[in-house]
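Only one structure is covered here, and it is reproduced in the block below.
Here, each number is a calculation from the coordinates, and none is a lab measurement. It should be emphasised that the depicted structure is a prediction, and the values quoted were computed from it without experimental measurement.
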Amino acid sequence: MTADARADRLAHADLASPVDMRRDCIEVGRNLGLADALDRVGTPAPGLTYDRYPTDLPKREIAISEAAQRLANALHLHLD
């Protein structure tokens, strides 16, 4: 099917033959990369329970520079 013929077809062309619809589906799957998704369908989802991630990570320290503090004070944000 040429690009011009595809552009003339409606998205809801119910009168297309099953062979054309199958060809369209295969092309859409190829363009969306669905083959990779089908490979991942059989793999289990990762666990989200606490026992899978028992470590408590330390929180980062946030440093506020003098320039940022002066700017915040000028805007009356008062970062302490």
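Note the full-extension length gain between residue 64 and residue 43 as 0.36 nm times their separation in residues minus their Cα-Cα distance, in nm to one decimal.
The span from residue 64 to residue 43 would gain 3.1 nm if fully extended.
Could you work out Rg/(2.2 N^0.38 Å) for the range 11-67, with Rg from alpha carbons only?
That ratio works out to 2.37.
Residue by residue, what Karplus-based ³J(HN,Hα) values in Hz, rounded to whole numbers, does the range 17-32 have, using 6.51, -1.76 and 1.60 with θ = phi - 60° and x for Gly and Pro?
Karplus-based 3J(HN,Hα) across the range 17-32 equals 6, x, 5, 5, 5, 5, 4, 4, 5, 5, 5, 4, x, 5, 5, 8 Hz.
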